[in-house]
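Here's the structure we're looking at; comments come further down.
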Amino acid sequence: MLKLRSLAVGYRNARGVVLSDIDLSAAPGDFICILGRNGAGKSTLMRTIAGLQASLGGGASLDGDDVASMRPAARARRIAVVLTEQQFNPGLRVDDVIALARQPFTGWQGRLADIDRAAIADAVGITGIEPFLRRFFSDLSDGERQRVMIARSLAQTPHLMVLDEMTAFLDLPSRVEIMALLRSQAREKGRIVLLSSHDLDLSLQLSDSVWLLDGEGGFSVDTPDALSRSGAIGRAFDTDAIRFSPADGRFKIGTSGPA
């Protein structure tokens with residue numbers, strides 16, 4: 001169980017608090033999409049939940065343990081994090097990148113046991129990246145790198161997956177495939193998956209629940225259908241150019257001025 005208790009996230013500088021007074025929980029098997037416009041605080045929230053950034057108040061706990069108090073190795077055994085920035089040594093092959101996911105489990109010698117190899121093989125098979133296992137990570141396309149990073153996070157066998165814009169560089173069929181894969185992994189393995197995305201229509205179709213940031217410090221949590229019918233989606237995203245239709249459950253190109 002992931003629990004956020006009076007959580008406030010932001011920066012100890014002029015930017016200050018971005019979101020505050022967040023109290024909610026997520027259960028094993030939940031596939032959650034975090035939605036909001038650029039600058040609303042999605043990445044800040046995710047980094048704080050993952051223990052990569054200090055909170056400004058309150059905290060996040062996983063299975064009863066405070067995330068911020070966990071040692072890095074212990075946290076890495078339970079939380080897989082994939083952020084938009086992906087920095088690896090240019091000399092690493094894809095199979096090396098994925099094997100690094102097991103480092104928290106292998107000790108200082110880094111020797112892979114059978115359980116580690118099984119986790120890696122399972123992740124590779126699920127994501128379908130066998131064709132480029134021996135290629136250098138730096139030689140891959142953006143979309144291929146995204147698949148590798150998702151495979152790496154699955155090989156980590158985490159309780160919680162925190163994925164920031166993981167489908168940004170994928171074509172539409174691949175986005176559908178990857179989001180459906182992550183949802184099935186959440187349900188089959190009992191993992192909590194938090195995914196931020198700008199793919200609004202797809203997120204509303206596939207997520208179990210949505211954490212919606214309105215860009216003004218507001219935070220709403222509900223099912224996609226409930227948030228759509230309440231008008232919250234429209235209030236967060238509507239502009240003169242695009243409007244959310246609660247009746248159709250999708251965005252439509254709008255026009256300014258009289259029809």
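The values are calculated or read from the model by the stated rules, or taken from the named source; none is laboratory data. Just so it is clear, the structure is predicted and the values come from calculations on it, not from any experiment. Cβ placement follows ideal geometry from the backbone for every residue including glycine, while neighbour counts extend to all protein chains displayed.
Quick rundown of the values:
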read-out	value
Matching entry among Gly39, Gly51 (being modelled with pLDDT of 90 or more, over 20 Å from Gln146 (Cβ atoms) and not polar (S, T, N, Q))	Gly51
Only listed residue being over 17 Å from the mean Cα position of the chain (by Cα) and closer than 25 Å to Asp23 by Cβ, chosen from Phe237, Phe244, Phe251	Phe237
Leading residue by the ranking (surrounded by the fewest Cβ atoms within 10 Å (Cβ to Cβ)) among those in segment 153-210 that are charged (D, E, K, R) and closer than 21 Å to Ala226 by Cβ	Asp201
Condition met for Arg78 (of a type in the set (Lys, Arg), within 17 Å of the chain's Cα centre (by Cα) and surrounded by fewer than 16 Cβ atoms within 10 Å (Cβ to Cβ))	no
Failed item in (1) under 27 Å from Met46 (Cβ atoms); (2) surrounded by fewer than 15 Cβ atoms within 10 Å (Cβ to Cβ), with Pro104 passing the rest	(2)
Residues within segment 239-252 that are touching a residue at least 12 places away in the same chain (Cβ under 8 Å) and either among the acidic types (Asp, Glu) or farther than 16 Å from Ser197 by Cα (or both), tallied	7
Residue under evaluation Thr223, criteria (1) in contact (Cβ under 8 Å) with a residue 24 or more places away in the chain; (2) more than 17 Å from Ile126 (Cβ to Cβ); (3) β-branched (Val, Ile, Thr), criterion not met	(1)
Filter result for Ile178 (touching a strand residue (DSSP E or B) at 6+ places or on another chain (Cβ under 7 Å), in contact (Cβ under 8 Å) with a residue 24 or more places away in the chain and over 21 Å from Met1 (Cβ atoms))	no
Test: residue in segment 141-152 that is in contact with a helix residue (DSSP H, G or I) (Cβ under 7 Å, 6 or more places away or on another chain), free of Cβ contacts under 8 Å to residues at least 12 places away in the same chain, not in a loop (DSSP other than H, G, I, E, B) and not assigned by TED's automatic domain parsing to the domain that holds Ser197	no
Hits in segment 21-35 (condition: over 15 Å from Met1 (Cβ atoms) and of a type in the set (Val, Ile, Thr))	Ile22, Ile34
From the options Arg134, Arg111, Arg117, residue that is surrounded by fewer than 20 Cβ atoms within 10 Å (Cβ to Cβ), in contact with a Lys or Arg (Cβ under 7 Å, 6 or more places away or on another chain), outside the structural domain of Gly41 (by TED's automatic domain parsing) and basic (Lys, Arg)	Arg134
Every residue from segment 228-245 that is outside any strand (DSSP E or B) and crowded, with 17+ Cβ neighbours inside 10 Å	Ser228, Ala232, Ile233, Ala236, Phe237
Residue within segment 211-227 that is within 20 Å of Val176 (Cβ to Cβ), in the same structural domain as Gly36 (by TED's automatic domain parsing) and in a strand (DSSP E or B) present	no
